[in-house]
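Enquirer: Take this structure first; my questions come after.
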Amino acid sequence: MLIGTHSLTIQVTDLKLSVDHLEKERDFYFAKLRDIEILCQTPDLEDVPMAMAVKKILYAADARESALAEAQEVLSHSVDGSKS
């Protein structure tokens, strides 16, 4: 019985370390996304098509593929509009 308890203790320790690592990684990427959001909201860039496309992706309500398609559409309209 003691061997099983030791094995479980090691497993719990490994899982706690894994959770800690994943939380740090999550926080790192969240901070990156937050920096991108703040940059896209600056008054000088807020209406730039690329910033608008990035915000479409950031603010999508769920993980739907159409957010990327909508962002690409914003960019293609801005390119089409600048050609005329």
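Where a number appears in this text, it was derived from the coordinates with a stated rule and is not lab data. Not measured: the values here are computed from a predicted model. Every residue, glycine among them, receives a Cβ derived from its backbone with ideal geometry; neighbour counts consider all protein chains shown.
Enquirer: Based on the Cβ-Cβ distance of ALA61 and LEU15, what FRET efficiency does E = 1/(1 + (r/R0)^6) give at R0 = 35 Å, to the nearest 0.05?
Expert: Efficiency, rounded to the nearest 0.05: 0.65.
Enquirer: So what's the angle, to the nearest 10 degrees on a 0 to 90 scale, between helix 66-83 and the longest Cα principal axis of the chain?
Expert: The angle comes out near 30 degrees.
Enquirer: Between (i) 1.84; (ii) 1.02; (iii) 1.55, which matches Cα Rg over 2.2 N^0.38 Å calculated for the structure shown?
Expert: Here Cα Rg over 2.2 N^0.38 Å agrees with entry (i).
Enquirer: I need the peptides 7-16, 49-58 ranked by packing, meaning the mean over residues of other C-beta atoms within 10 angstrom, with the highest value on top.
Expert: The most tightly packed comes first, giving 49-58, 7-16.
Enquirer: In deg cm²/dmol, rounded to 500, what helix-only [θ] at 222 nm does the chain give when every DSSP H run of at least 4 residues adds -39500 (n - 2.57) and the total is split over its residues?
Expert: Mean residue ellipticity at 222 nm (helix-derived): -28000 deg cm²/dmol.
Enquirer: What is the extension gain from ALA31 to ASP44, computed as 0.36 nm multiplied by their sequence separation minus the C-alpha to C-alpha distance, in nm to one decimal?
Expert: Result: 2.5 nm gained on full extension.
Enquirer: List the relative contact order of segment 41-84 as a percent without decimals, with contacts defined as Cα pairs under 8 Å and 6+ residues apart.
Expert: Normalised by residue count, the contact order of segment 41-84 is 37 percent.
Enquirer: Sticking with this one: Normalised by the number of residues in the chain, what is the relative contact order in percent for Cα pairs under 8 Å and 6+ residues apart?
Expert: Computed over the chain, the figure is 18 percent.
Enquirer: Please state the charge dipole magnitude for the chain, taken about the Cα centre, from unit charges on C-beta atoms (+1 on K and R, -1 on D and E), reported in debye and rounded to the nearest 20.
Expert: 200 debye
Enquirer: Give the separation of the Cα centroids, segment 60-79 to segment 13-33, in Å.
Expert: 29 Å
Enquirer: By the gyration tensor of its Cα atoms, with a ≥ b ≥ c the square roots of the eigenvalues, what is the shape of segment 41-84: rounded for a/c under 1.5, prolate for a/b over b/c, or oblate?
Expert: Judged from the Cα gyration tensor, segment 41-84 comes out oblate (a/c at least 1.5, b/c at or above a/b).
Enquirer: Restricting to lysines 8 or more places apart or on different chains, can you count the pairs in the chain with Cα atoms under 30 Å from each other?
Expert: 9
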